[in-house]
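Only the coordinates and a few stated rules stand behind these numbers; no lab work does. If you're wondering where the values come from, they're calculated on a predicted model, not measured in any experiment.
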Amino acid sequence: MVENYPQLKSNENFLRLQDELAGTENRIAVERRRYNEAVQDYNTYVGLFPNNIFATWSGFQRNNNYFKAPEAARQAPHVEFPAAKR
């Protein structure tokens, strides 16, 4: 007599979810860095001669709106799943 148990895919799905969460956090960190680099490039461009003359004349100013996240936001969120009820 052979017993056929269903293949449980929940473990694989949970591991995939963990990977997706880690990937999302990485993409957010990458885009945060790109935004800050773009702001820095803009500030450098506006501050260089002769760009600074035209920037002042045209009303462009330094942008100090860097994306600043608290240190706690840089940590991956902790996700808890309740145990399945039987």
Original post:
Under the Karplus relation 6.51 cos²θ - 1.76 cosθ + 1.60, θ = phi - 60°, what is the ordered set of whole-Hz ³J(HN,Hα) values for region 25-36, x standing for Gly and Pro?
Top reply: 4, 5, 5, 5, 4, 5, 5, 4, 5, 5, 4, 5
**OP:** Starting from the Cα-Cα distance between T44 and N63, subtract it from 0.36 nm times their residue separation and give me the gain in nm to one decimal.
**Re:** 5.8 nm
